[in-house]
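Here's the structure we're looking at; comments come further down.
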Amino acid sequence: MIVIVDYGMGNLESIFNMLKKIGIESKISSDVSVINDASKLVLPGVGAFDHAVMKIEELNLRNVLNQKALIDKVPVLGICLGMQLLTDSSQEGKLKGLGWIPGRTLSFRTALPDINLKIPHMGWNYVKKSFDCPLTGNLYEESKFYFVHSYYVKCDNNENAMLKTFYGMEFDSGISKGNIYGVQFHPEKSHKYGMRILENFSSM
């Protein structure tokens, strides 16, 4: 069973409905016992980094998430803010992320202060594969996805940067380490391109 982790900061129903549309069963839950029984986890997120970390702590979810991802090694997919939470920290706040994939979440405004760039980065954009992996192996030749974000991820190790996107500069729009994956875009809003990502994840 895929469990969509409900820590109060995601468009959970959109992900649930897209999975249902492509014939994949899932469940939305913040219950530790339900999460503990999951065969796969989706970590969604929309909002501020520190607030998300605080919600995870308030719901006592950090330990079970660490157990599932790092010990049980079930497939995990972080989406948007959920991907940023996989990193060590964010310029958006002061709290520690989950730290599963070495890297930082940085501000477009800080990185590109002299460029008249519309922030947040919002709308459709192409992604480029750095390497094939179970999540990206059979993507469409020119895959584009829907983005909404003001912060971007920079992996410490390029071997963890599976997808790249250009918006004023090239940034890591998809990251991975073993069983753990993250995408900055919203596959649940990205039509056939997003469906392919979710199908790949569900078949792991």
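For region 2-202, what D do you get in µm² per second when you plug the Kirkwood radius from alpha-carbon pairs into Stokes-Einstein at 37 °C and 0.692 mPa s?
Numbers: Rh = 16.6 Å.
Roughly 197 µm²/s, to the nearest whole number.
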TODO: Mind listing the long-range amide H neighbours of VAL42? Cut-off is under 5 Å, sequence gap 5 or more, other chains count too, H placed in the peptide plane at 1.01 Å from N.
DONE: VAL3, ILE4, VAL5, LEU77
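Would you mind ranking CYS133, CYS155, CYS80 so that the residue whose beta carbon has the fewest other beta carbons within 10 Å leads the list?
Numbers: CYS133 15, CYS155 20, CYS80 27.
With the fewest neighbours first, CYS133, CYS155, CYS80 line up as CYS133, CYS155, CYS80.
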TODO: Determine ³J(HN,Hα), in whole Hz, for all residues of region 137-145 in sequence, where each value follows from phi through the Karplus function 6.51 cos²θ - 1.76 cosθ + 1.60 and θ = phi - 60°; x replaces Gly and Pro.
DONE: x, 10, 5, 4, 3, 10, 8, 10, 9
- [ ] Per residue, how big is the convex hull around the C-alpha atoms of region 127-204? Give it to me in cubic angstrom, could you?
- [x] 88
Task: Dipole of region 1-118 [Lys/Arg +1, Asp/Glu -1 at C-beta], most positive-end residue of ASN36, SER107, GLN67 - done: SER107
Open item on the list: Run lengths n ≥ 4 of DSSP H only: what is the helix-derived mean residue ellipticity at 222 nm for the chain, with -39500 (n - 2.57) per run over all residues, to the nearest 500?
Closed with: -6000 deg cm²/dmol
TODO: Could you check which residue among TYR126, TYR152, TYR140 shows the biggest mean-square fluctuation in a GNM of the chain with a 10 Å Cα cutoff?
DONE: TYR140
TODO: Would you order SER89, SER190 from fewest to most other beta-carbon atoms within 10 Å of each residue's own beta-carbon?
DONE: SER89, SER190
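Quick one: Kirkwood hydrodynamic radius for region 14-96, alpha-carbon pairs, angstrom, one decimal? Write out the running numbers ahead of the final one.
Working: mean 1/r = 0.0738 Å⁻¹.
The Cα-based Kirkwood calculation yields 13.5 Å.
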Task: Alpha-carbon centroids, region 130-179 and region 37-83: separation in whole Å - done: 19
Task: Charge tally in the Cβ shell below 10 Å around ASP6, where Lys, Arg are +1 and Asp, Glu are -1, ASP6 excluded - done: +1
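Treat the count of other C-beta atoms within 10 Å as a stand-in for reagent exposure and order ILE28, ILE79 from fewest to most. Walk me through the numbers before you get to the answer.
Working: ILE28 16, ILE79 28.
With the sparsest Cβ surroundings first, the list reads ILE28, ILE79.
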Task: Electrostatic dipole magnitude of region 2-202 [Cβ: Lys, Arg +1; Asp, Glu -1; Cα centre; debye, to 20] - done: 240
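DSSP beta bridges in the chain, what fraction antiparallel, as a percent rounded to 5?
On the way: 24 of 40 bridges.
Among the beta bridges of the chain, antiparallel pairing accounts for roughly 60 percent.
Any read-out appearing in this document is the output of simple, stated calculations on the displayed coordinates, not a laboratory observation. As the structure is a computational prediction, the values presented were derived from the model and not from experiment. For neighbour counting, all protein chains shown are included, and Cβ atoms are generated from backbone atoms with ideal geometry for every residue, glycine included.
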